[in-house]
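Data first, discussion second: the structure below is written as structure tokens.
Read the figures in this text as sums done on the coordinates, not as results from a lab. What you see is a predicted model, and the numbers here were worked out from it, not measured in a lab. Because the Cβ atoms are built from the backbone with ideal geometry, glycine has one as well, and the counts that use them run over all protein chains shown.
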Ligand SMILES: C[S@@+](CC[C@H](N)C(=O)[O-])C[C@H]1O[C@@H](n2cnc3c(N)ncnc32)[C@H](O)[C@@H]1O
């Protein structure tokens, strides 16, 4: 069962709806020193935009055909075949990614919500980027209706902390 110790992730997860919103985050969030991983890059259009804002980006896709076309269209950029569900393969890329962009076909529906959450949590835990941007209308809708209930300290604990000058 989940507990307070488990989810001390430092990664913020940003949910966007549609490709325009997904790409509009780049200018706001990505800076020169970021090392960015895009999962589901297709022909590399967003990877190219990311490359305009940071020194290093790798575009990845499960489809070898997409990667072949991305490499032909953007020969100066790095593209690799990678199944986003194989986080070990992403780790084997060997880069300290600071931002992950996630745009897999089929992940926008409500049916796929658990997959999206599992994927984002997995990347947050294993790669520890500061930010994960997800293109998923379902996640955005769900997140907009969530509020984390604040943890209140028990009076006895608060008293002990105060006595110890914490
Ligand atoms: C909507 S397209 C991505 C468009 C691209 N991000 C852009 O902004 O131009 C979705 C891509 O997800 C890829 N995809 C689907 N399942 C995947 C998986 N498990 N791992 C990696 N890529 C996947 C598909 O091959 C497809 O190219």
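Helix 64-73: angle to the longest alpha-carbon principal axis of the chain, degrees 0 to 90, nearest 10?
70 degrees
How many times 2.2 N^0.38 Å is the alpha carbon radius of gyration of the stretch 7-163? Can you show the working numbers first?
On the way: Rg = 17.8 Å, N = 157, 2.2 N^0.38 = 15.0 Å.
Normalised by 2.2 N^0.38 Å, the Cα Rg of the stretch 7-163 equals 1.18.
Under the definition of Cα pairs under 8 Å and six or more residues apart, what whole-number percent is the relative contact order of the stretch 7-163?
Contact order relative to length: 30 percent.
Among 36, 133, 151, which one moves the most in a GNM of the chain with springs linking Cα atoms closer than 10 Å?
151
List 68, 56, 162 from most exposed to least, where exposure is judged by having the fewest other Cβ atoms within 10 Å.
Ordered by Cβ neighbours within 10 Å, fewest first: 162, 68, 56.
Kindly provide the pair-distance distribution of the stretch 113-154 built from C-alpha pairs, with 5 Å bins from 0 and whole-percent values in order of increasing distance.
5, 18, 22, 22, 18, 9, 5, 1
Using Cα pairs closer than 8 Å and at least 6 residues apart in sequence, work out the relative contact order for the stretch 45-111, in percent. Present the calculation step by step, with values, prior to reporting the outcome.
Details: 46 pairs, mean separation 16.1, N = 67.
That works out to 24 percent.
What residue among 44, 94, 59 has the largest mean-square fluctuation in a Gaussian network model of the chain, using Cα springs under 10 Å?
Fluctuation is largest for 94.
Over the chain, with a Gaussian network built from C-alpha contacts below 10 Å, which listed residue (33, 145, 53) shows the highest mean-square fluctuation?
Checking each option, the largest mean-square fluctuation is seen for 145.
Grab the Cα-Cα distance for residue 148 and residue 10, subtract it from 0.36 nm times how many residues apart they are, and report the gain in nm with one decimal.
Contour length minus the Cα-Cα distance gives 48.1 nm.
Using a 7 Å offset from the Cα along the Cα-to-Cβ direction at both residue 110 and residue 52, what is the distance between the two label points in nm, to one decimal?
Here the modelled spin labels are 3.7 nm apart.
Given the convex hull of the Cα atoms of the stretch 71-114, what is a quarter of its surface area in nm²?
4.5 nm²
By how many degrees, between 0 and 90 and to the nearest 10, does the Cα long axis of helix 113-126 differ from the longest principal axis of the chain?
Approximately 80 degrees, to the nearest ten.
Quick check: residue separation of residue 63 and residue 21 times 0.36 nm, minus the Cα distance between them. What number comes out in nm?
Additional length available on full extension: 12.7 nm.
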